[in-house]
1. Tell me what the chain gives for mean residue ellipticity at 222 nm when only DSSP H runs of n ≥ 4 count, each as -39,500 (n - 2.57), the sum divided by the residue total, rounded to 500 deg cm²/dmol.
2. Using Cα positions and a limit of under 12 Å, work out the aspartates and glutamates in reach of Lys376, with same-chain residues fewer than 8 apart set aside.
3. If I model a spin label as a point 7 Å beyond the Cα along the Cα-Cβ vector, how far apart are those points for Ala244 and Ser405 in nm?
4. Once you have the Cα-Cα distance between Gln138 and Gln362, take 0.36 nm times their residue separation minus that, and quote the gain in nm to one decimal.
5. Could you sort the peptides 71-83, 283-295 by per-residue average Cβ neighbour count (10 Å cutoff), highest mean leading?
6. Under a Cβ-only charge scheme (Lys and Arg +1, Asp and Glu -1), can you give me the dipole magnitude of the stretch 1-132 about the Cα centre, in debye to the nearest 20?
7. Cβ neighbours within 10 Å, averaged per peptide: list 466-477, 192-203 in order, most packed at the top.
8. Going by average Cβ neighbours within 10 Å, how do the peptides 210-222, 13-25, 41-53 rank, with the highest at the top?
Amino acid sequence: MISRFYDWLESRVDSFPDTVPTKPPSSFLGFIVHFSRPFLPLIVISALFSVVIAIVEVLMFAFLGDIVDWLSATRPDQLWSEHGVDLVLIALMVVVLYPLLYFVGESISHQGLLGNFAMRTRWESHRYLLRQSMAFYQDDFAGRVAARMMQTALAVREVVLKTSEILLFVAVYFASAVVLFASADWRLGLPMLAWLIGYLVILRLFIPRLAEVSRAQADARADVTGRVVDSYTHIGTVKMFADANYEDHYARSGMKRFLGTVYSQMRLSTALSASLATLNAFLIFGIGAVAIALWSHEIITTGAIAFAVGLVLRLIGMSNWILWEVANLFENVGVVMDGIDTIARDRSVVDRPDAKPLKVEQGEIAWQDIHFNYGKVLPEQTANVIDGLSLTIRPGEKVGLVGRSGAGKSTLVSLLLRFHDLEGGRILIDGQDIAAVQQDSLRAAIGMVTQDTSLLHRTVAENISYGRADATRDQVIAAARKAEAHEFIADLEDLKGNRGYDAHVGERGVKLSGGQRQRVAIARVLLKDAPILILDEATSALDSEVEAAIQQSLYSLMEGKTVLAIAHRLSTIAAMDRLVVMDQGRIVEQGTHAELVHREGLYAELWARQSGGFLAREEVA
């Protein structure tokens with residue numbers, strides 16, 4: 001029965017809703033409410049149980065005072081006859097009602113809130129961040145973003161639960177204690193009021209400073225995580241350049257900053273604990289002195305002294321816990337504020353409200369007088385990264401894009417994929433402005449193989465079928481065969497003993513060679529079978545023998561598709577229908593390979609100066 005009760009509580013709120021995530025509000029309260037709203041009924045019920053439990057606990061001390069008075073004023077043989085019913089009711093409250101209330105309250109908190117609240121916040125934050133614009137990830141550490149997402153989810157939960165349960169519990173507990181003191185004699189409440197004033201002064205002095213330090217600590221912690229993950233992610237580069245010492249220094253500088261915030265926090269914590277201990281000592285002395293003085297004048301009974309001292313000792317025991325809960329609350333407030341800066345950030349590239357799916361029937365691409373400079377304002381007479389470029393690729397045409405490094409080739413591709421929005425002009429696919437269509441449908445219509453192929457740390461089969469989740473294993477294998485990848489895939493085995501297409505490839509595909517990663521990427525695009533194909537140095541990681549082996553597969557892949565191919569190794573694109581030469585964000589030449597060589601312009605210069613299959617480095621005046 002208890003298990004069914006747990007199941008019922010755990011299923012009250014769906015931790016993984018399918019609804020499209022929206023941007024959380026950037027205000028603190030709005031951000032908290034955004035993630036708390038689904039749990040509001042459980043939060044209210046949990047808070048009510050906290051109130052009832054607090055009242056019951058305080059009543060126990062009142063009953064203790066009554067029992068002391070009964071024992072003082074009643075003969076042993078008359079105790080049960082005079083107070084038997086009262087004693088049984090007190091016993092039932094202590095051994096039945098209180099544990100039952102505590103069990104239900106804790107169940108609501110633990111089974112209904114603690115796990116689900118944090119997980120749903122992570123889920124919604126992750127889904128929103130996953131759909132952030134490319135520029136967002138280019139400006140931050142991936143590890144730092146992940147750390148903030150994980151920290152913020154826990155912090156939001158703690159802020160809500162500590163406020164609704166713990167602080168409410170404490171407020172009711174203290175108010176009930178003051179009422180009981182006043183019922184015995186109003187002067188018993190004076191030390192409590194003085195203590196409360198001192199307690200609030202301590203909170204006012206220390207908590208804001210702790211919150212400030214905590215926010216700095218959250219930022220420093222996320223920065224350390226980002227630095228460490230960055231080193232691990234690029235471990236090949238670290239090893240290749242034998243630069244572990246530099247990485248040590250890089251991590252140490254971040255950790256020293258983090259440790260500095262820890263030292264600041266610990267100093268405040270020591271001063272806070274010492275101040276509270278002093279205040280509590282005066283409370284014990286004050287209550288004891290007032291109680292004895294009142295008793296000596298026969299104003300209060302022995303029972304009143306018993307419950308007053310007992311309740312004060314309980315409050316002193318709680319005071320340290322309360323103070324650290326409040327400090328922890330403000331620490332989490334700092335973490336949430338830090339997380340808002342990352343999670344509640346507007347996307348720079350968004351679908352329009354009326355955006356429709358892209359329909360590609362022919363595959364014509366047109367860049368019309370486009371301008372782009374990553375949002376930077378340049379001095380007059382300085383060209384943009386892309387400056388007034390116009391280009392049309394006819395349906396089914398194969399176009400090679402050529403130019404020096406920095407000419408704008410990759411930027412042109414990024415704009416076609418709408419990783420960034422244009423600053424002028426427009427891009428059309430079959431007459432449809434890509435700014436007016438849904439981003440997912442746009443990218444679903446484009447297959448791309450890049451020079452720097454990064455695979456996901458999943459199985460080979462999952463990497464090949466990425467972008468086409470409904471693909472069968474036979475279709476995955478067929479695509480791998482066409483990409484000349486089947487043979488090496490069959491020999492793969494990971495640390496867990498998974499073999500072939502079920503073997504994991506490691507982070508970024510580190511367990512595979514550059515050529516192997518490239519062939520898996522080509523297999524993925526073959527399986528996707530999109531009507532528009534982009535090849536960005538697609539065979540650069542392949543040796544000549546393997547390149548020759550899959551060249552026919554690439555020609556098959558390009559059949560019937562509109563193709564845009566970027567290559568520094570000009571021999572790989574010389575047979576394209578048309579070559580487009582870019583320089584400083586503009587198109588300077590167009591034509592076939594033979595036409596451009598005969599023209600003796602920039603392309604002819606690049607062709608003549610090619611060494612070892614790559615463009616020679618250009619000295620820019």
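1. -19000 deg cm²/dmol
2. Candidates past the 8-residue exclusion: Glu423.
3. Reported label-point gap for Ala244 and Ser405 is 2.9 nm.
4. 77.3 nm
5. Descending mean neighbour count gives 283-295, 71-83.
6. 1020
7. Answer by packing, highest mean first, reads 192-203, 466-477.
8. Per-residue Cβ counts within 10 Å, averaged per peptide and sorted highest first, yield 210-222, 41-53, 13-25.
Taken together, the values in this text are just the output of simple stated rules run on the coordinates, not laboratory data. The structure presented is a predicted model; accordingly, all values stated were derived computationally and were not measured. Note that we place each Cβ from the backbone using ideal geometry, even for glycine, and neighbour counts take in every protein chain shown.
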